[in-house]
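Okay, so here's the structure we're looking at.
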Amino acid sequence: MVKLIQFYSPRGLKLSRAENQYVWDTNGRKYLDCHTQYGSIFLGHRNPKITNAIKEQIDKIYGAYPAFDTEAKEKALESLSKILPRKLEYVYMLNGGGEAVELALKITRKITGRKKFISFINAFHGRTMGALSVTWNPKYREGYDPFPWDVKFLPYNKVEELEKEVDDGIAGVIVEVIQGEGGLNEGSVEFLKAIREACDKAGAQMIIDEVQTGFGRTGYLWAHQIANVEPDILVAGKAIGGGFPVSLTAVKTELGEKLKEGDHGSTFGGNPIACAALTASIQVLLEEKVVERVAQTGRIFRESLEKVKEDFGEVVREVKGRGLFLGIETRFEPTSILKLLQDNGVIALRAGRLVVRFLPPYMISTKDIEYAVGTLRNVLSQVKEEKIVTKTQT
Ligand SMILES: Cc1ncc(COP(=O)(O)O)c(C=O)c1O
């Protein structure tokens, strides 16, 4: 029997079905899903509009080499025009976030002719070799060098260091508006504006990676709107296909016009099913006023977490994030918290070393939030007690 390589530590849960914000295990037990496949099921499990669009597309044509036009592709591009920043006129669709980051870096390298990149401490951009070269975590990098480009990791949110380092040898600066995997660290408006200015001065490209923060997750369509800056290249993935694998790299006109046949490619990138899923997801996003709803629900969720922090200051150091991209930073490793949450019907995930992250779908109700936060309170009481017991025993 073939075994799966264990790149992820197993959660000990076998899932059998899902609907909207809930998943069920094989014993029929229901869970509130605040993991959503790393945030990608943001529009809910088996969203009927997206499932129907995929089914209809399968019945028409589900494979077409990228050189052929399809109605599905035309519709996807038309829909993307409604949500992408206006200056980003060229787009290429791929399958996963790492692939789209890879393309962003390749374009930057090729067009600028420069080989150096700036990334940031705690940044995460994916596992392919280019994306890994700008990913900070030594655990993911170990044993894989040499990396393709010369990357310098600067401290996140430190304007002075940035201004010193971005010169005319730098091809591009890649940044997450809120570092997701790195622990829900929010970039300040000043910092993001400083990257924009430094790139403009040095003739470098500003690449904003919104694989995790994009498509309404933070209560903004794109999180970079918080800082009112415009990227030269935008990378998106996860939620944009409603859970179906789609990602994209969108580039400003001047860059797009310089790219030509053979510069990149992908067999499955932008296939008809992916295009149908993307089109339907954009339709849901706009028709259901997802961004506005997330801003509102996110505020309620965050306020409840703030109260948790007030009551459990011995365990919770800080509430982090925006919209429905939220977490609590704990004062010790939160493995037991995540396990207990799951045992009690709430599936969350970790961010960085110390953050318990909640990435629910947009339709999470106030009742669901009460349930999630109530469960968290019970879990924290239990964990706090255990800590006190272990402390007095040692
Ligand atoms: C900001 C960011 N960029 C890129 C990626 C990589 O995406 P994927 O796992 O789809 O390759 C991730 C995944 O977590 C991410 O959070």
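The criterion of at least 3 residues that are over 30 Å from GLY130 (Cα atoms) is met by the following strands (runs of 3 or more DSSP E) wholly inside the stretch 220-327: 316-322.
Residues considered: GLY203, GLY182. Of these, the only one that is surrounded by fewer than 23 Cβ atoms within 10 Å (Cβ to Cβ), touching an Asp or Glu at 6+ places or on another chain (Cβ under 8 Å) and farther than 25 Å from LEU354 by Cβ is GLY203. Go through the stretch 369-388 and give me each residue that's among the small types (Gly, Ala, Ser) and either surrounded by 15 or more Cβ atoms within 10 Å (Cβ to Cβ) or at pLDDT below 95 (or both). Of everything in the stretch 369-388, just one residue is among the small types (Gly, Ala, Ser) and either surrounded by 15 or more Cβ atoms within 10 Å (Cβ to Cβ) or at pLDDT below 95 (or both), namely ALA372. Restricting GLU99, GLU19 to those that are part of a strand (DSSP E or B), of a type in the set (D, E, K, R) and surrounded by 14 or more Cβ atoms within 10 Å (Cβ to Cβ) reduces the list to GLU19.
Restricted to the stretch 119-131, and to residues that are in contact with a helix residue (DSSP H, G or I) (Cβ under 6 Å, 6 or more places away or on another chain) and either away from the ligand (no atom under 11 Å from the Cβ) or among the aliphatic types (A, V, I, L, M) (or both), which residue is farthest from TYR156 (Cα to Cα)?
Selected residue: GLY130.
Within the stretch 247-262, does at least one residue satisfy the condition of being within 13 Å of the chain's Cα centre (by Cα) and either at pLDDT 95 or above or over 17 Å from GLN205 (Cα atoms) (or both)? Spell out how you get there, then give the answer.
Start the filter on the stretch 247-262 by keeping residues that are within 13 Å of the chain's Cα centre (by Cα), which leaves 247-248.
Right, trim to either at pLDDT 95 or above or over 17 Å from GLN205 (Cα atoms) (or both) and you get 247-248.
The answer is yes; a qualifying residue exists.
Note on the stretch 22-59: residues that are more than 16 Å from the ligand (Cβ to nearest atom) and assigned to a helix (DSSP H, G or I) amount to 12. One residue alone among VAL294, VAL290 is more than 16 Å from the ligand (Cβ to nearest atom), aliphatic (A, V, I, L, M) and in contact with a Lys or Arg (Cβ under 9 Å, 6 or more places away or on another chain), and that residue is VAL294. Inside the stretch 199-221, residues that are more than 11 Å from GLY180 (Cα to Cα) and within 13 Å of the ligand (Cβ to nearest atom) make up a count of 6.
Beta carbons closer than 8 Å, at least 6 apart along the sequence or on distinct chains, pair a first residue in the stretch 78-98 that is assigned by TED's automatic domain parsing to the domain that holds ILE273 with a second that is of a type in the set (Lys, Arg) for LYS87/LYS252; LEU88/LYS252; GLU89/LYS252; TYR90/LYS252; GLY97/LYS238; GLY98/ARG127. Of everything listed in (1) more than 16 Å from the ligand (Cβ to nearest atom); (2) without any contact (Cβ under 8 Å) to a residue 60 or more places away in the chain; (3) buried (at least 23 other Cβ atoms within 10 Å of the Cβ), the single unmet condition for ASP150 is (3). How many residues are at positive phi and over 18 Å from the mean Cα position of the chain (by Cα) when one looks only at the stretch 113-145? Total satisfying the criteria: 2. Evaluation of ILE41 against the conditions (1) closer than 20 Å to VAL173 by Cα; (2) not assigned by TED's automatic domain parsing to the domain that holds HIS224 shows that the sole unmet condition is (1).
So, ARG322, is that one loosely packed, with under 15 Cβ neighbours inside 10 Å and touching a strand residue (DSSP E or B) at 6+ places or on another chain (Cβ under 8 Å) or not?
Working: loosely packed, with under 15 Cβ neighbours inside 10 Å: no; touching a strand residue (DSSP E or B) at 6+ places or on another chain (Cβ under 8 Å): yes.
So ARG322 does not fit the description; no.
Every listed requirement among (1) more than 16 Å from the ligand (Cβ to nearest atom); (2) more than 23 Å from HIS264 (Cα to Cα); (3) crowded, with 23+ Cβ neighbours inside 10 Å is met by ILE170 save one, (2). In the stretch 235-256, the residue that is surrounded by the fewest Cβ atoms within 10 Å (Cβ to Cβ) out of those that are under 24 Å from ILE195 (Cα atoms), more than 12 Å from the ligand (Cβ to nearest atom) and touching a residue at least 60 places away in the same chain (Cβ under 8 Å) is THR253.
The values are calculated or read from the model by the stated rules, or taken from the named source; none is laboratory data. Quick caveat: nothing in here was measured; it's all calculated off a predicted structure. Quick reminder, even Gly has a Cβ in these numbers, built from the backbone with ideal geometry, and neighbours come from all protein chains shown.
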